[in-house]
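Just below is one structure, and these are the notes that go with it.
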Amino acid sequence: MGAVLCAVGAAGFFAVAAVAQQRAAATVPEGGSLVRGLLRNPRWWAGVVGDVGGYGMQVAALALGAVLVVQPILVSALVFALPLAARLNGRRIGARTWGSALALVAALVCFLVVGNPSEGNSTAPLRDWLFPLIVLVGLVAAAVLIGLRAADPGRRALLLGAASGSLYGLAAALTSYVTTVFEHGLVDVLASWQTWTLAAAGLTGVYLQQRAFQAGPLSASLPAVTIAEPLAAAFVGVTVLDEHFRTNAFGLAVTALAVIVMCATTIQLSRSQAAT
């Protein structure tokens, strides 16, 4: 329950950050300096504050629960972001959008209750990480290379957003380990390869997310970021951290259906948020 509450709190902070950063990145011309433009924008710094708060809550959640529990809950940031974005832009949210939000929450509850994800081994050795890391980093690199060369703004935003979300998912899985190392002191934290990989994945993910916001419509980039993050985290959780679902075959089928509903409603809500 503590992990769930912290994850919901993190989703609220991330929602504020997403709305602020989207509005800031959209003001930077495609040919202009993205970094310089964002650093001069107070809205972007407000988003940074939200991200810091959200990440702090996420760290607490991952210290208390499994990656398979925490990361899907962060998708609920869309439910918080929608009314905030609508209020800032003076628009109303339609009944269909509210219905999608309720469906997302219901699917998330079903995923957690029926799937009943277990905690895994956060101290997995490097040899267990190698192949999943190679696969994930390879997919991210391919998405970035193809995205940067894409002529269509929507496709460019989609691929850069997917790469950013995947790196966020990797960072979340690494955070699960780094939080346990703090018990042994700061020296052990700084000596761990996971700490530096976490920092690299997080910073690169932030940069790619801003590039995605700048490159094309939010209706393309936001769903990609939001869906790729829990999927990448789940991939690492299952293949590296030995997390699994504690249910029978019927429960797995229901859980899979819940994931499909979560993905569909996430796309719908992301597009609704982009429209506001």
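The values are calculated or read from the model by the stated rules, or taken from the named source; none is laboratory data. The model shown is predicted, which means the values in this text are computed figures rather than measured ones. Note: ideal-geometry Cβ built from the backbone for every residue, glycine included; neighbour counts use all protein chains shown. The area values use the complete protein model at the heavy-atom level, side chains included, leaving out ligands, DNA and RNA. Shrake-Rupley method; radii C 1.70, N 1.55, O 1.52, S 1.80 Å.
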What FRET efficiency do you get for F182 and R92 if R0 is 30 Å and r is their Cβ-Cβ distance, rounded to the nearest 0.05?
0.10
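Tell me which DSSP H helices of the chain clear both cut-offs, 24 Å or more of axial length from alpha-carbon atoms and a mean Kyte-Doolittle hydropathy of at least -1.0.
Values: long enough: 2-25 (34 Å, 1.42); 42-64 (34 Å, 0.67); 95-115 (29 Å, 1.84); 126-149 (34 Å, 1.87); 153-181 (42 Å, 0.78); 193-215 (32 Å, 0.13); 218-239 (31 Å, 1.45); 249-275 (39 Å, 1.38).
Passing helices, by number: 2-25, 42-64, 95-115, 126-149, 153-181, 193-215, 218-239, 249-275.
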Relative contact order, percent, region 61-119 [alpha-carbon distance under 8 Å, six or more residues apart]
55
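Per residue, how large is the accessible surface of the chain? Use a 1.4 angstrom probe and give square angstrom. Display every interim value, and only then the final one.
Numbers: 12860 Å² over 276 residues.
It amounts to 47 Å² per residue over the chain.
For n ≥ 4 DSSP H runs only, could you compute -39500 (n - 2.57) per run for the chain, divide by its residues and tell me the 222 nm figure to the nearest 500? Please list the in-between numbers first.
Working: 12 runs with 225 residues, N = 276.
Estimated from H runs of four or more residues: -28000 deg cm²/dmol.
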Quick check: at a probe of 1.4 Å, how many percent of the accessible area of the chain sits on carbon and sulfur atoms?
69
Tell me, what is the percent relative contact order of region 148-255, built from C-alpha pairs under 8 Å that lie six or more residues apart?
43
Which of L148, L78, L158 ends up with the largest GNM mean-square fluctuation for the chain, with Cα atoms connected below 10 Å?
L148
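Please compute the length gained on full extension between V189 and A142, using 0.36 nm multiplied by the number of residues separating them and subtracting their Cα-Cα distance. Numbers along the way, then the final one.
Details: separation 47, 0.36 × 47 = 16.92 nm, distance 3.06 nm.
Contour length minus Cα-Cα distance gives 13.9 nm.
Would the chain count as rounded, prolate or oblate if I go by the C-alpha gyration tensor, calling it rounded below 1.5 in a/c and otherwise prolate when a/b exceeds b/c, oblate otherwise?
Numbers: a/c = 1.55, a/b = 1.19, b/c = 1.31.
Here the chain falls in the oblate category.
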Rounded, prolate or oblate, given the Cα gyration tensor of region 99-254, with a/c below 1.5 counting as rounded?
oblate
Using a basic spin-label model with each label point 7 Å from the Cα along Cα→Cβ, how many nm lie between L130 and R36?
4.5
Using the per-residue mean of other Cβ atoms lying within 10 Å as a proxy for protection, in what order, highest first, do the peptides 1-8, 199-206 fall?
199-206, 1-8
Given the protein chains as shown and a 1.4 Å probe, how many square angstrom of Y55 are accessible, to the nearest 10?
80
